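What follows is calculated from the coordinates using simple rules that are stated; it is not laboratory data. Remember, it's a predicted structure, so these values are computed and weren't measured experimentally. So basically every Cβ, Gly included, is an ideal-geometry build from the backbone, and we count neighbours across all protein chains shown.
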Amino acid sequence: MANPLIFFLPLRYDVHRVLLVQSGPIELALEVARRVRALFPDCQIEGLVRDADRSAVGSGHFDAITTVRWEDRLQVVRRLRRQRYDAVIALASTRGSQALRFLPYLLRTRAILFFNDHLDYFPVHVSRATALAQHLSGSAGMMGLARWLASRVLIVPFAALFLLASVVRIYVRAAVRRARARHAAGRHVGP
């Protein structure tokens, strides 16, 4: 997990190494890469791009590109966690894939920056909790974030346990019925 202090410390603008995570449409990611080059002219930008969008990335957008497929996400996260970035940039867009939305929180970085559809950016900071809520849950309020978090932490595991218990119950009932049928068939077979 990222250092929890990044939520309280101010953004330091001496940024030299950046990871841009495509958590939105590829067109927006490329525009954000241009904007980051303008904001931090001396920085090295590594792009983490979905495998399906690799062909849309031309030369000059990123200094290095890592493509990720859903099946390989754990290996990619392990590899990225071995590195340290001055900033990890994610797209706070309502469009595009949301599969990589949590990745910035798992990496070693000094700052997490979000860029919206208008290329405005903001650092993840405790003072921007509503913007963080919008990024994670799609709702601009803290209640929306609380509902979203409760559904992920409480409801999803409870539903998984309920489904697992239902399947076990079905198998147990089937085994009991088979045992009763064998027992009943054994009583009727006689000399």
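Quick notes on this one:
- Cβ-Cβ FRET estimate between R173 and I65, R0 fixed at 41 Å, reported to 0.05: 0.15
- Cα gyration tensor shape of the stretch 40-118, rounded if a/c is under 1.5, else prolate or oblate by comparing a/b with b/c: rounded
- Gained length - S166 relative to R180, 0.36 nm times residue gap less alpha-carbon distance: 2.9 nm
- Under 5 Å, built H, 5+ apart or other chain: amide partners of R17: Q44, D86, A87
- Taking each residue as 0.36 nm, the span from F102 to I155 lengthens on full extension beyond its C-alpha to C-alpha distance by 17.2 nm.
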